[in-house]
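> Here it is, the structure in full.
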Amino acid sequence: MQDHSQSDPARSGNHNMQDPSARRVLIVTAVEAERDAVMRGLTNADGFEVIAAGVGPAAAAAVTASRLARSAYRLVISAGIAGGFDGRAEVGGVVIADSIIAADLGSETVDGFASVRELGFGTDRLETENAASNQLAEALKRAGLPASLGPILTVSTTTGSAERAAALAAQVPGAAAEGMEGFGVATAAALAQVPVMEIRAISNKVGPRDRSAWRIPEALRQLETASSLLPEVLS
Ligand SMILES: O=C(O)c1cccc(C(=O)CC[C@H]2O[C@@H](n3cnc4c(=O)[nH]cnc43)[C@H](O)[C@@H]2O)c1
């Protein structure tokens, strides 16, 4: 593959938050219902592009990477609903990632889980755009929403038992929420050297699976509210 990174400013890796040539923000959700909630919040969607990429880290990474290869963006946001860890994020609240963790990418060993980082195959943790994440969390709190910053885990299989929830909480101290796309979106963004954020409205607790207890409409409303604050926070 030809490397245009030196000749094409849009692909030079310099399109960070300050670069005037890269003004748009790409928001990646998993499903249409999440995309629609984000769009409802962004009453003026100028400067934003919102796409539903599919469920799971592979679809999220592939679709995000293909967008980033075609256009320049100043920021990429993984957004959607998620499970919240007990004592860290309540149903109806919003979590903003301070880091995005690939929580089940690694090997099981006789001594327990070993992450790709521990195995020497790369990283299991990607950092997020700090200032904007903090500002969004503060703006949410001012708007009266339960909002917090913390690590958001990406898993390929949703947690379905109290034991697994406890194991993940022990593996990642401070783990606040669990979704299925963040690390895929963040990996594509890191490759393109574009800053990333993750915003998750909590629809359910991480633990024993009980789909009837998921508060999806409420979480989508909170996702809508969080999205409505983005134009001001990112201005
Ligand atoms: O059925 C619906 O109406 C509906 C509307 C919006 C979203 C959904 C989903 O099922 C989204 C799947 C999406 O949600 C994330 N998620 C939510 N809870 C968890 C969890 O406990 N553990 C991991 N992921 C969770 C995840 O990112 C999925 O992509 C349905």
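The values are calculated or read from the model by the stated rules, or taken from the named source; none is laboratory data. Just so it is clear, the structure is predicted and the values come from calculations on it, not from any experiment. In this analysis, Cβ positions are derived from the backbone assuming ideal geometry, glycine residues included, and neighbour counts consider all displayed protein chains. Ligands, DNA and RNA are stripped out before the accessible areas are found, and what is left, the full protein with its side chains, is counted by its heavy atoms. Shrake-Rupley method; radii C 1.70, N 1.55, O 1.52, S 1.80 Å.
> Wholly within segment 82-164, which strands (runs of 3 or more DSSP E) include no fewer than the required count, namely at least 3 residues that are closer than 21 Å to LEU220 by Cα? Before you say what the answer is, go through the steps one by one.
On the way: elements: 94-102, 106-109, 112-115, 125-127, 147-154.
Once the strands (runs of 3 or more DSSP E) in segment 82-164 are filtered for at least 3 residues that are closer than 21 Å to LEU220 by Cα, what remains is 94-102, 147-154.
> Among the residues of segment 213-230, write down those that are open to solvent by 50 Å² or more (accessible area, probe 1.4 Å) and within 18 Å of the chain's Cα centre (by Cα).
Correct list: ARG221, GLU224, SER228.
> In addition: Output the qualifying pairs, or none if there are none: Cβ atoms under 9 angstrom, residues six or more apart or on different chains, first residue in segment 79-97 and charged (D, E, K, R), second residue part of a loop (DSSP other than H, G, I, E, B) and more than 10 Å from the ligand (Cβ to nearest atom).
Here the result reads ARG88/GLY174; ARG88/ALA175; ARG88/ALA176; GLU90/PRO146, each pair linking segment 79-97 to a residue that is part of a loop (DSSP other than H, G, I, E, B) and more than 10 Å from the ligand (Cβ to nearest atom).
> Limited to segment 139-159, what total is found for residues that are within 16 Å of the ligand (Cβ to nearest atom) and either surrounded by 17 or more Cβ atoms within 10 Å (Cβ to Cβ) or closer than 17 Å to ALA89 by Cα (or both)?
Total satisfying the criteria: 8.
> Among the residues of segment 196-212, are any part of a strand (DSSP E or B), within 15 Å of the ligand (Cβ to nearest atom), of a type in the set (S, T, N, Q) and buried (at least 17 other Cβ atoms within 10 Å of the Cβ)?
Yes - at least one qualifying residue is present in segment 196-212.
> If I ask for residues that are more than 11 Å from the ligand (Cβ to nearest atom) and in contact (Cβ under 8 Å) with a residue 40 or more places away in the chain, which ones from segment 167-182 would you list?
Within segment 167-182, ALA167, ALA169, GLN171, VAL172, GLY174, ALA175, ALA176 meet the criteria.
> Here's something else I'd like to know. I'd like the full set of residues that are assigned to a loop (DSSP other than H, G, I, E, B), open to solvent by less than 60 Å² (accessible area, probe 1.4 Å) and under 13 Å from THR225 (Cα atoms), limited to segment 29-44.
Correct list: LEU42 only.
> Confirm whether ALA59 is in a helix (DSSP H, G or I), within 16 Å of the ligand (Cβ to nearest atom) and more than 20 Å from MET197 (Cα to Cα).
Here the answer is no, as ALA59 does not meet what is asked.
> Related question: Of everything in segment 186-235, what is free of Cβ contacts under 8 Å to residues at least 60 places away in the same chain and of a type in the set (D, E, K, R)? Give them in sequence order.
Listed by number, the residues that qualify are ARG209, ASP210, ARG211.
> So ALA103 passes all but one of these: (1) free of Cβ contacts under 8 Å to residues at least 12 places away in the same chain; (2) open to solvent by less than 30 Å² (accessible area, probe 1.4 Å). Which condition number does it fail?
So ALA103 meets the others, but not (1).
> Here is a further query. Quick one: in segment 67-81, of everything that is in a strand (DSSP E or B) and hydrophobic (A, V, I, L, M, F, W, C), which residue is surrounded by the fewest Cβ atoms within 10 Å (Cβ to Cβ)?
LEU75
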